[in-house]
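As C-alpha coordinates, the structure follows; a few thoughts come after it.
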Amino acid sequence: MINKNLVLILFFLVCTESLFSEYPFKPVSPYPSEYKQFWFLYQSEKRLGEEEQIFRPFFSTYKETKSNYRYDTFLFPIYYSEKTDYWRVWSFLFFVTGTETYHDDLGWDEDTLSPFLIWGKGETARESYFGFFPLFGRLRGKASYSELNFTLFPLYSNWKYKNYNAHGILWPLIMWGGSEVRNDLRILPFYSHKIHKGKYERYSILWPFIQWGSNNEDKREPFTYKMFWPLYLAKDSEFGNMKARAFLWFPIFGSLFSYGYDKRTHEKDLNILFFFFQYGQNDDEDYRKLILFPFYGYYRFAYKETRFFTPFYFRLSTDSYHIKSSETYFIPFWWRTNRTYVQWGREENYYKLWPLFRWHEDREGNLTWNLLSLFPIKSELVERIWDPVWSIIEYQKLSNGEKRLSFLMRLYTQRWNEEELHIHVPLLVEYSSTPEKTSYQFLYGLFGLEKNKDKTTVQIFWWIRL
(Lines give C-alpha, C1' and ligand atoms only; values in the text may rest on other atoms or scores of the structure.)
Protein backbone atom coordinates (compact mmCIF):
# COMPACT_ATOMS: atom_id res chain seq x y z
CA MET A 1 0.00 0.00 0.00
CA ILE A 2 1.26 3.47 -0.87
CA ASN A 3 2.28 5.53 2.13
CA LYS A 4 -0.56 8.00 2.64
CA ASN A 5 1.66 10.75 4.04
CA LEU A 6 3.92 10.68 0.97
CA VAL A 7 0.99 10.81 -1.44
CA LEU A 8 -0.48 13.85 0.31
CA ILE A 9 2.83 15.73 0.44
CA LEU A 10 3.56 15.13 -3.26
CA PHE A 11 0.07 16.26 -4.24
CA PHE A 12 0.36 19.54 -2.36
CA LEU A 13 3.83 20.19 -3.81
CA VAL A 14 2.52 19.75 -7.36
CA CYS A 15 -0.80 21.54 -7.03
CA THR A 16 -0.03 24.46 -4.70
CA GLU A 17 2.55 27.17 -4.29
CA SER A 18 4.44 27.85 -1.10
CA LEU A 19 2.12 29.02 1.67
CA PHE A 20 4.74 31.28 3.22
CA SER A 21 7.50 33.40 1.70
CA GLU A 22 9.97 35.24 3.88
CA TYR A 23 10.94 37.75 1.20
CA PRO A 24 8.82 39.47 -1.49
CA PHE A 25 9.94 39.72 -5.12
CA LYS A 26 8.13 43.01 -5.90
CA PRO A 27 7.56 46.34 -4.08
CA VAL A 28 4.95 45.87 -1.35
CA SER A 29 5.62 48.65 1.17
CA PRO A 30 2.92 51.31 1.84
CA TYR A 31 5.24 54.20 0.89
CA PRO A 32 4.84 56.43 -2.21
CA SER A 33 6.51 55.15 -5.36
CA GLU A 34 8.68 56.67 -8.05
CA TYR A 35 7.52 54.90 -11.19
CA LYS A 36 8.66 54.89 -14.84
CA GLN A 37 7.36 52.90 -17.78
CA PHE A 38 7.93 52.45 -21.51
CA TRP A 39 5.15 50.45 -23.13
CA PHE A 40 5.16 46.86 -21.79
CA LEU A 41 8.90 46.58 -22.45
CA TYR A 42 10.23 48.41 -19.40
CA GLN A 43 9.14 49.49 -15.95
CA SER A 44 10.98 50.63 -12.85
CA GLU A 45 9.68 51.43 -9.40
CA LYS A 46 11.30 52.79 -6.26
CA ARG A 47 9.75 52.90 -2.83
CA LEU A 48 11.42 53.54 0.51
CA GLY A 49 13.74 50.55 0.96
CA GLU A 50 12.67 48.81 -2.27
CA GLU A 51 13.64 49.02 -5.94
CA GLU A 52 12.48 47.02 -8.99
CA GLN A 53 13.35 47.01 -12.69
CA ILE A 54 11.80 44.86 -15.43
CA PHE A 55 13.07 44.69 -19.01
CA ARG A 56 10.19 42.58 -20.20
CA PRO A 57 10.35 39.70 -20.85
CA PHE A 58 14.13 39.31 -20.69
CA PHE A 59 15.34 40.49 -17.30
CA SER A 60 13.99 41.60 -13.95
CA THR A 61 15.55 42.54 -10.63
CA TYR A 62 14.15 43.41 -7.20
CA LYS A 63 16.13 44.75 -4.22
CA GLU A 64 15.08 45.19 -0.60
CA THR A 65 17.60 47.18 1.45
CA LYS A 66 16.58 46.26 5.01
CA SER A 67 17.81 42.67 4.65
CA ASN A 68 19.93 43.33 1.53
CA TYR A 69 17.79 40.81 -0.34
CA ARG A 70 17.88 40.61 -4.15
CA TYR A 71 15.83 38.59 -6.66
CA ASP A 72 16.87 38.39 -10.34
CA THR A 73 15.34 36.60 -13.35
CA PHE A 74 16.28 36.03 -16.98
CA LEU A 75 13.46 34.87 -19.27
CA PHE A 76 11.81 33.39 -16.21
CA PRO A 77 11.30 30.48 -15.64
CA ILE A 78 14.51 29.75 -17.54
CA TYR A 79 16.72 31.34 -14.84
CA TYR A 80 16.28 32.97 -11.44
CA SER A 81 18.47 33.78 -8.45
CA GLU A 82 17.91 35.19 -4.98
CA LYS A 83 20.41 36.14 -2.33
CA THR A 84 21.15 37.95 0.92
CA ASP A 85 24.41 38.57 2.76
CA TYR A 86 24.25 35.02 4.17
CA TRP A 87 22.90 32.77 1.42
CA ARG A 88 22.43 32.54 -2.36
CA VAL A 89 20.25 30.29 -4.52
CA TRP A 90 20.00 30.06 -8.29
CA SER A 91 18.31 27.74 -10.80
CA PHE A 92 18.44 27.12 -14.54
CA LEU A 93 15.14 25.61 -15.73
CA PHE A 94 14.86 24.09 -12.23
CA PHE A 95 17.22 21.51 -13.74
CA VAL A 96 20.61 22.90 -12.72
CA THR A 97 20.69 24.48 -9.26
CA GLY A 98 23.25 26.12 -7.03
CA THR A 99 23.31 27.09 -3.36
CA GLU A 100 25.79 29.07 -1.28
CA THR A 101 25.73 29.51 2.50
CA TYR A 102 27.83 31.74 4.73
CA HIS A 103 29.09 30.43 8.08
CA ASP A 104 30.60 32.84 10.60
CA ASP A 105 33.43 30.44 11.48
CA LEU A 106 34.15 28.90 8.05
CA GLY A 107 33.01 31.45 5.47
CA TRP A 108 31.18 30.51 2.27
CA ASP A 109 30.46 26.99 1.06
CA GLU A 110 29.06 26.34 -2.40
CA ASP A 111 27.12 23.50 -4.04
CA THR A 112 26.08 23.10 -7.67
CA LEU A 113 23.94 20.20 -8.85
CA SER A 114 23.07 19.32 -12.44
CA PRO A 115 22.31 16.06 -14.27
CA PHE A 116 25.96 15.83 -15.36
CA LEU A 117 28.28 18.39 -13.76
CA ILE A 118 28.44 18.50 -9.96
CA TRP A 119 30.72 20.59 -7.79
CA GLY A 120 30.97 22.30 -4.43
CA LYS A 121 33.56 24.04 -2.30
CA GLY A 122 34.19 25.20 1.23
CA GLU A 123 37.00 26.60 3.31
CA THR A 124 38.91 23.30 3.41
CA ALA A 125 39.76 20.62 0.86
CA ARG A 126 37.63 18.20 2.87
CA GLU A 127 34.54 20.31 2.11
CA SER A 128 35.21 20.51 -1.66
CA TYR A 129 34.02 18.03 -4.27
CA PHE A 130 33.64 17.66 -8.03
CA GLY A 131 32.01 15.22 -10.43
CA PHE A 132 30.99 14.66 -14.02
CA PHE A 133 28.20 12.11 -14.15
CA PRO A 134 28.47 9.24 -15.01
CA LEU A 135 32.27 9.21 -15.46
CA PHE A 136 33.44 10.05 -11.93
CA GLY A 137 32.46 12.15 -8.95
CA ARG A 138 32.38 12.80 -5.23
CA LEU A 139 29.59 14.52 -3.33
CA ARG A 140 29.63 15.54 0.31
CA GLY A 141 26.63 16.05 2.53
CA LYS A 142 24.03 15.16 -0.13
CA ALA A 143 21.06 12.78 -0.21
CA SER A 144 21.38 12.23 3.58
CA TYR A 145 24.89 10.77 3.20
CA SER A 146 28.14 12.30 4.39
CA GLU A 147 29.88 11.22 1.17
CA LEU A 148 28.91 9.74 -2.21
CA ASN A 149 31.47 8.51 -4.79
CA PHE A 150 31.08 6.95 -8.23
CA THR A 151 33.27 5.88 -11.14
CA LEU A 152 31.72 5.01 -14.52
CA PHE A 153 28.35 4.81 -12.76
CA PRO A 154 26.72 2.31 -12.36
CA LEU A 155 29.94 0.30 -12.69
CA TYR A 156 31.15 1.37 -9.23
CA SER A 157 29.74 3.52 -6.45
CA ASN A 158 30.43 4.09 -2.75
CA TRP A 159 28.53 5.94 -0.02
CA LYS A 160 29.13 6.69 3.65
CA TYR A 161 27.00 7.79 6.58
CA LYS A 162 28.64 8.15 10.00
CA ASN A 163 30.28 4.72 10.57
CA TYR A 164 28.36 3.07 7.75
CA ASN A 165 30.31 2.38 4.52
CA ALA A 166 28.81 0.69 1.44
CA HIS A 167 29.94 -0.21 -2.08
CA GLY A 168 28.04 -1.00 -5.25
CA ILE A 169 28.98 -2.69 -8.54
CA LEU A 170 26.55 -2.34 -11.43
CA TRP A 171 24.20 -0.62 -8.98
CA PRO A 172 21.62 -1.67 -7.92
CA LEU A 173 22.48 -5.28 -8.78
CA ILE A 174 25.47 -5.84 -6.46
CA MET A 175 25.97 -4.01 -3.18
CA TRP A 176 27.61 -4.67 0.20
CA GLY A 177 28.19 -2.51 3.25
CA GLY A 178 28.05 -2.34 6.99
CA SER A 179 29.00 -0.83 10.32
CA GLU A 180 29.00 -2.02 13.93
CA VAL A 181 25.21 -2.39 13.86
CA ARG A 182 24.42 -2.79 10.15
CA ASN A 183 25.10 -5.56 7.63
CA ASP A 184 23.90 -5.28 4.01
CA LEU A 185 24.41 -7.56 1.02
CA ARG A 186 22.66 -7.60 -2.34
CA ILE A 187 23.30 -9.84 -5.36
CA LEU A 188 20.20 -9.36 -7.46
CA PRO A 189 18.12 -11.15 -8.35
CA PHE A 190 19.51 -14.15 -6.40
CA TYR A 191 19.80 -12.99 -2.78
CA SER A 192 19.80 -9.89 -0.54
CA HIS A 193 19.67 -9.00 3.13
CA LYS A 194 19.56 -5.72 5.08
CA ILE A 195 20.08 -6.05 8.82
CA HIS A 196 20.13 -3.29 11.43
CA LYS A 197 20.49 -4.75 14.90
CA GLY A 198 17.48 -3.98 17.04
CA LYS A 199 15.58 -2.24 14.21
CA TYR A 200 14.93 -4.44 11.17
CA GLU A 201 15.87 -7.54 9.17
CA ARG A 202 14.92 -7.82 5.48
CA TYR A 203 15.66 -10.69 3.08
CA SER A 204 14.93 -11.63 -0.51
CA ILE A 205 15.51 -14.60 -2.83
CA LEU A 206 14.97 -14.25 -6.56
CA TRP A 207 13.97 -10.60 -6.01
CA PRO A 208 11.30 -9.31 -6.31
CA PHE A 209 9.43 -12.63 -6.15
CA ILE A 210 10.24 -13.82 -2.63
CA GLN A 211 10.78 -11.33 0.22
CA TRP A 212 10.41 -11.55 4.00
CA GLY A 213 11.59 -9.84 7.14
CA SER A 214 10.74 -7.85 10.26
CA ASN A 215 10.51 -4.11 11.02
CA ASN A 216 10.04 -1.84 14.04
CA GLU A 217 12.01 -4.16 16.31
CA ASP A 218 12.77 -1.19 18.57
CA LYS A 219 9.08 -0.22 18.82
CA ARG A 220 6.33 -1.35 21.16
CA GLU A 221 5.00 -3.91 18.69
CA PRO A 222 7.31 -5.14 15.90
CA PHE A 223 5.81 -6.66 12.76
CA THR A 224 6.85 -9.26 10.20
CA TYR A 225 6.12 -9.38 6.49
CA LYS A 226 6.36 -11.84 3.60
CA MET A 227 5.81 -11.45 -0.13
CA PHE A 228 5.34 -13.94 -2.97
CA TRP A 229 5.17 -11.35 -5.70
CA PRO A 230 2.88 -10.55 -7.36
CA LEU A 231 0.40 -13.09 -5.97
CA TYR A 232 0.43 -12.52 -2.22
CA LEU A 233 1.68 -10.02 0.39
CA ALA A 234 1.18 -10.32 4.15
CA LYS A 235 2.11 -8.18 7.16
CA ASP A 236 1.42 -9.09 10.83
CA SER A 237 2.39 -7.49 14.14
CA GLU A 238 3.86 -9.53 16.98
CA PHE A 239 0.76 -9.39 19.21
CA GLY A 240 -1.85 -9.50 16.45
CA ASN A 241 -2.98 -5.86 16.64
CA MET A 242 -1.99 -5.14 13.03
CA LYS A 243 -2.70 -7.22 9.95
CA ALA A 244 -2.56 -6.53 6.17
CA ARG A 245 -3.07 -8.71 3.10
CA ALA A 246 -2.76 -7.99 -0.64
CA PHE A 247 -3.45 -10.20 -3.64
CA LEU A 248 -2.05 -9.67 -7.15
CA TRP A 249 -0.10 -6.50 -6.31
CA PHE A 250 1.81 -4.29 -8.77
CA PRO A 251 3.80 -1.07 -8.15
CA ILE A 252 1.88 2.18 -8.79
CA PHE A 253 -1.32 0.31 -9.72
CA GLY A 254 -1.80 -1.34 -6.34
CA SER A 255 -3.50 -4.68 -5.81
CA LEU A 256 -6.50 -6.50 -7.21
CA PHE A 257 -7.72 -6.86 -3.63
CA SER A 258 -6.13 -5.81 -0.34
CA TYR A 259 -7.18 -5.06 3.22
CA GLY A 260 -5.58 -4.19 6.51
CA TYR A 261 -6.27 -2.98 10.06
CA ASP A 262 -4.46 -1.73 13.15
CA LYS A 263 -6.36 -2.08 16.42
CA ARG A 264 -4.12 0.34 18.33
CA THR A 265 -4.75 3.27 15.97
CA HIS A 266 -8.19 2.08 14.79
CA GLU A 267 -6.93 2.10 11.22
CA LYS A 268 -8.72 0.23 8.43
CA ASP A 269 -7.81 0.02 4.73
CA LEU A 270 -9.49 -1.67 1.77
CA ASN A 271 -8.53 -1.65 -1.93
CA ILE A 272 -10.46 -3.35 -4.74
CA LEU A 273 -9.62 -3.48 -8.46
CA PHE A 274 -6.20 -1.87 -8.01
CA PHE A 275 -6.56 1.91 -7.54
CA PHE A 276 -10.20 2.12 -8.70
CA PHE A 277 -11.72 1.63 -5.23
CA GLN A 278 -9.85 2.69 -2.09
CA TYR A 279 -11.14 3.09 1.45
CA GLY A 280 -9.26 3.91 4.62
CA GLN A 281 -9.54 5.50 8.05
CA ASN A 282 -7.41 6.07 11.14
CA ASP A 283 -8.90 7.76 14.21
CA ASP A 284 -5.57 8.53 15.90
CA GLU A 285 -4.17 10.37 12.86
CA ASP A 286 -7.52 11.79 11.69
CA TYR A 287 -7.06 9.97 8.39
CA ARG A 288 -9.92 9.30 5.97
CA LYS A 289 -9.87 8.06 2.36
CA LEU A 290 -12.58 7.11 -0.12
CA ILE A 291 -11.76 6.92 -3.83
CA LEU A 292 -14.01 5.72 -6.66
CA PHE A 293 -11.63 6.46 -9.52
CA PRO A 294 -12.05 8.34 -11.82
CA PHE A 295 -15.38 9.75 -10.63
CA TYR A 296 -14.86 10.75 -7.00
CA GLY A 297 -12.15 10.90 -4.38
CA TYR A 298 -11.84 12.15 -0.80
CA TYR A 299 -8.63 12.22 1.25
CA ARG A 300 -8.06 13.75 4.69
CA PHE A 301 -4.96 13.65 6.86
CA ALA A 302 -4.79 15.79 10.00
CA TYR A 303 -5.65 19.37 8.99
CA LYS A 304 -5.40 18.86 5.20
CA GLU A 305 -8.22 17.66 2.98
CA THR A 306 -8.45 16.83 -0.74
CA ARG A 307 -11.51 16.06 -2.83
CA PHE A 308 -11.84 15.45 -6.58
CA PHE A 309 -14.66 14.92 -9.06
CA THR A 310 -13.19 13.41 -12.24
CA PRO A 311 -9.41 13.80 -12.71
CA PHE A 312 -9.89 17.48 -13.68
CA TYR A 313 -11.76 18.99 -10.71
CA PHE A 314 -10.00 19.24 -7.33
CA ARG A 315 -10.77 20.94 -4.03
CA LEU A 316 -8.10 21.27 -1.36
CA SER A 317 -8.35 22.78 2.10
CA THR A 318 -6.06 23.42 5.06
CA ASP A 319 -7.21 24.29 8.59
CA SER A 320 -4.26 24.81 10.94
CA TYR A 321 -3.24 27.27 13.64
CA HIS A 322 -1.18 29.28 11.13
CA ILE A 323 -3.21 29.16 7.93
CA LYS A 324 -6.70 28.38 6.70
CA SER A 325 -6.99 27.85 2.97
CA SER A 326 -9.45 26.66 0.34
CA GLU A 327 -8.39 25.91 -3.25
CA THR A 328 -10.39 24.78 -6.28
CA TYR A 329 -8.95 23.65 -9.62
CA PHE A 330 -10.84 22.74 -12.77
CA ILE A 331 -7.78 21.89 -14.85
CA PRO A 332 -6.74 23.78 -16.88
CA PHE A 333 -9.48 26.41 -17.03
CA TRP A 334 -10.34 27.48 -13.46
CA TRP A 335 -8.07 28.17 -10.46
CA ARG A 336 -9.34 29.63 -7.19
CA THR A 337 -7.37 30.12 -3.97
CA ASN A 338 -8.39 31.68 -0.67
CA ARG A 339 -5.89 31.80 2.20
CA THR A 340 -6.23 33.33 5.65
CA TYR A 341 -2.96 33.88 7.51
CA VAL A 342 -4.25 33.52 11.06
CA GLN A 343 -1.18 34.84 12.87
CA TRP A 344 -1.22 38.05 10.78
CA GLY A 345 -4.98 38.46 10.35
CA ARG A 346 -4.55 38.81 6.57
CA GLU A 347 -6.19 37.21 3.54
CA GLU A 348 -5.10 36.33 0.01
CA ASN A 349 -7.53 35.66 -2.84
CA TYR A 350 -6.72 34.44 -6.33
CA TYR A 351 -8.93 33.59 -9.32
CA LYS A 352 -7.96 32.58 -12.85
CA LEU A 353 -10.29 31.77 -15.74
CA TRP A 354 -7.67 30.60 -18.21
CA PRO A 355 -6.77 32.08 -20.65
CA LEU A 356 -9.15 35.03 -20.24
CA PHE A 357 -8.94 36.52 -16.76
CA ARG A 358 -6.82 36.69 -13.59
CA TRP A 359 -7.62 38.33 -10.23
CA HIS A 360 -5.17 38.44 -7.31
CA GLU A 361 -5.51 40.20 -3.95
CA ASP A 362 -2.39 39.44 -1.91
CA ARG A 363 -1.85 39.47 1.85
CA GLU A 364 -0.22 42.93 1.67
CA GLY A 365 -3.45 44.47 0.32
CA ASN A 366 -2.37 44.79 -3.33
CA LEU A 367 -5.12 44.04 -5.87
CA THR A 368 -4.37 43.21 -9.52
CA TRP A 369 -6.53 41.86 -12.32
CA ASN A 370 -6.10 41.60 -16.08
CA LEU A 371 -7.77 40.25 -19.20
CA LEU A 372 -5.73 37.56 -21.01
CA SER A 373 -3.44 35.52 -18.80
CA LEU A 374 -1.95 32.80 -20.97
CA PHE A 375 0.09 30.84 -18.41
CA PRO A 376 -2.27 27.97 -17.47
CA ILE A 377 -1.48 27.68 -13.72
CA LYS A 378 -1.01 30.08 -10.85
CA SER A 379 2.46 31.64 -10.72
CA GLU A 380 2.58 35.25 -9.60
CA LEU A 381 6.14 35.78 -10.82
CA VAL A 382 5.48 34.34 -14.31
CA GLU A 383 2.31 36.42 -14.57
CA ARG A 384 4.01 39.61 -13.41
CA ILE A 385 6.70 39.31 -16.08
CA TRP A 386 4.72 37.91 -19.01
CA ASP A 387 1.06 39.00 -18.70
CA PRO A 388 1.64 42.66 -19.76
CA VAL A 389 3.03 41.37 -23.08
CA TRP A 390 -0.46 40.29 -24.18
CA SER A 391 -2.90 41.88 -21.71
CA ILE A 392 -5.91 43.74 -23.08
CA ILE A 393 -6.74 45.40 -19.75
CA GLU A 394 -4.71 45.62 -16.53
CA TYR A 395 -5.81 47.15 -13.24
CA GLN A 396 -3.89 47.52 -9.98
CA LYS A 397 -4.88 48.94 -6.60
CA LEU A 398 -1.74 49.07 -4.47
CA SER A 399 -1.12 49.14 -0.73
CA ASN A 400 0.41 52.63 -1.00
CA GLY A 401 -2.91 54.08 -2.23
CA GLU A 402 -1.94 54.24 -5.91
CA LYS A 403 -4.09 52.86 -8.74
CA ARG A 404 -2.97 51.87 -12.26
CA LEU A 405 -4.97 51.13 -15.39
CA SER A 406 -3.64 50.00 -18.81
CA PHE A 407 -5.15 49.04 -22.16
CA LEU A 408 -3.92 47.04 -25.16
CA MET A 409 -0.52 45.82 -23.95
CA ARG A 410 0.05 49.17 -22.20
CA LEU A 411 -0.47 51.33 -25.28
CA TYR A 412 -2.29 53.54 -22.76
CA THR A 413 -1.52 53.63 -19.03
CA GLN A 414 -2.64 55.95 -16.28
CA ARG A 415 -1.61 56.07 -12.63
CA TRP A 416 -3.33 58.11 -9.98
CA ASN A 417 -3.98 58.67 -6.29
CA GLU A 418 -5.85 61.38 -4.40
CA GLU A 419 -3.32 64.07 -5.37
CA GLU A 420 -1.61 62.94 -8.59
CA LEU A 421 -2.41 61.77 -12.12
CA HIS A 422 0.09 60.37 -14.64
CA ILE A 423 -0.67 59.24 -18.21
CA HIS A 424 1.68 57.28 -20.51
CA VAL A 425 1.20 56.77 -24.26
CA PRO A 426 4.47 55.24 -25.52
CA LEU A 427 6.45 57.37 -27.99
CA LEU A 428 3.68 60.01 -28.08
CA VAL A 429 2.61 61.62 -24.79
CA GLU A 430 3.65 61.73 -21.15
CA TYR A 431 1.34 63.72 -18.85
CA SER A 432 1.92 64.34 -15.15
CA SER A 433 -0.13 66.37 -12.67
CA THR A 434 1.00 66.79 -9.04
CA PRO A 435 0.33 69.45 -6.38
CA GLU A 436 3.69 71.03 -7.30
CA LYS A 437 3.49 71.07 -11.11
CA THR A 438 1.80 69.96 -14.32
CA SER A 439 3.87 68.75 -17.26
CA TYR A 440 3.41 67.48 -20.83
CA GLN A 441 6.04 65.69 -22.90
CA PHE A 442 5.73 64.65 -26.54
CA LEU A 443 7.94 62.07 -28.29
CA TYR A 444 9.65 61.36 -24.96
CA GLY A 445 10.91 64.87 -24.41
CA LEU A 446 11.44 66.12 -27.96
CA PHE A 447 8.89 68.80 -27.05
CA GLY A 448 7.47 69.56 -23.63
CA LEU A 449 5.62 71.99 -21.39
CA GLU A 450 5.85 72.36 -17.62
CA LYS A 451 3.75 74.60 -15.37
CA ASN A 452 4.12 75.36 -11.68
CA LYS A 453 2.95 78.17 -9.44
CA ASP A 454 5.74 80.50 -10.48
CA LYS A 455 6.35 79.97 -14.19
CA THR A 456 5.80 78.02 -17.38
CA THR A 457 8.73 76.28 -19.10
CA VAL A 458 8.87 75.11 -22.72
CA GLN A 459 11.23 72.28 -23.70
CA ILE A 460 12.55 71.81 -27.26
CA PHE A 461 14.83 69.05 -28.57
CA TRP A 462 15.26 67.49 -25.09
CA TRP A 463 17.88 69.94 -23.78
CA ILE A 464 16.59 73.42 -24.71
CA ARG A 465 14.38 74.93 -21.98
CA LEU A 466 12.69 78.31 -22.46
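The values are calculated or read from the model by the stated rules, or taken from the named source; none is laboratory data. Quantities reported herein were computed from a predicted structural model and do not represent experimental measurements. Please note: Cβ atoms are built from the backbone with ideal geometry, for glycine as well, and neighbour counts cover all protein chains shown. What goes into the accessible areas is simple: the full protein's heavy atoms, side chains included, and nothing from ligands, DNA or RNA. Shrake-Rupley method; radii C 1.70, N 1.55, O 1.52, S 1.80 Å.
List of remarks:
- Residue within segment 57-64 that is modelled with pLDDT of 90 or more and part of a loop (DSSP other than H, G, I, E, B) present: yes
- In the set (1) over 30 Å from Asn149 (Cα atoms); (2) open to solvent by 80 Å² or more (accessible area, probe 1.4 Å); (3) within 36 Å of the chain's Cα centre (by Cα), Leu231 fails one condition alone, (3).
- Residue ID - nearest to Glu430 (Cα to Cα), chosen from residues in segment 28-56 that are open to solvent by 70 Å² or more (accessible area, probe 1.4 Å) and in a loop (DSSP other than H, G, I, E, B): Trp39
- Residues satisfying the stated conditions in segment 351-367, i.e. in contact with a Leu (Cβ under 9 Å, 6 or more places away or on another chain) and not in a loop (DSSP other than H, G, I, E, B): Phe357, Arg358, Trp359, His360, Glu361, Leu367
- Scan of segment 402-416 for residues that are exposed (fewer than 15 other Cβ atoms within 10 Å of the Cβ) and not aliphatic (A, V, I, L, M), ordered by number: Lys403, Phe407
- Set Asp319, Asp283: member being within 30 Å of the chain's Cα centre (by Cα), more than 22 Å from Arg202 (Cα to Cα), among the acidic types (Asp, Glu) and open to solvent by 60 Å² or more (accessible area, probe 1.4 Å): Asp319
- Residues that are surrounded by 15 or more Cβ atoms within 10 Å (Cβ to Cβ) and not hydroxyl-bearing (Ser, Thr, Tyr), drawn from segment 322-340: Ile323, Lys324, Glu327, Phe330, Ile331, Trp335, Arg336, Asn338, Arg339
- You will find that of Glu180, Glu201, the residue that is on the phi < 0 side of the Ramachandran plot and surrounded by 15 or more Cβ atoms within 10 Å (Cβ to Cβ) is Glu201 and no other.
- Lone unmet requirement of (1) assigned to a loop (DSSP other than H, G, I, E, B); (2) more than 23 Å from Asn366 (Cα to Cα); (3) of a type outside the set (Asp, Glu); (4) open to solvent by less than 60 Å² (accessible area, probe 1.4 Å) for Pro435: (4)
- Residue that is over 30 Å from Gly98 (Cβ atoms) and modelled with pLDDT under 95, where the choices are Glu147, Glu180, Glu201: Glu180
- Residues satisfying the stated conditions in segment 300-316, i.e. closer than 19 Å to Ile377 by Cα and open to solvent by less than 40 Å² (accessible area, probe 1.4 Å): Thr306, Phe308, Phe314, Leu316
- Complete set of residues in segment 249-288 that are part of a loop (DSSP other than H, G, I, E, B) and either touching a helix residue (DSSP H, G or I) at 6+ places or on another chain (Cβ under 7 Å) or among the aliphatic types (A, V, I, L, M) (or both): Ile252, Leu273
- Looking across segment 121-138 at every residue that is in contact with a strand residue (DSSP E or B) (Cβ under 9 Å, 6 or more places away or on another chain) and modelled with pLDDT under 80, the one that is surrounded by the fewest Cβ atoms within 10 Å (Cβ to Cβ) is identified as Arg126.
- Lone qualifier among Glu327, Glu348 - being on the phi < 0 side of the Ramachandran plot, in contact with a Cys (Cβ under 9 Å, 6 or more places away or on another chain) and either modelled with pLDDT of 95 or more or not in a loop (DSSP other than H, G, I, E, B) (or both): Glu327
- Pair list, Cβ < 8 Å and 6+ apart or interchain, from segment 373-392 residues that are open to solvent by 10 Å² or more (accessible area, probe 1.4 Å) to residues that are part of a loop (DSSP other than H, G, I, E, B) and of a type in the set (S, T, N, Q): none
- Residue pairs meeting the criteria (Cβ under 6 Å; at least 6 apart or on separate chains; first open to solvent by 20 Å² or more (accessible area, probe 1.4 Å), in segment 341-353; second of a type in the set (Gly, Ala, Ser)): none
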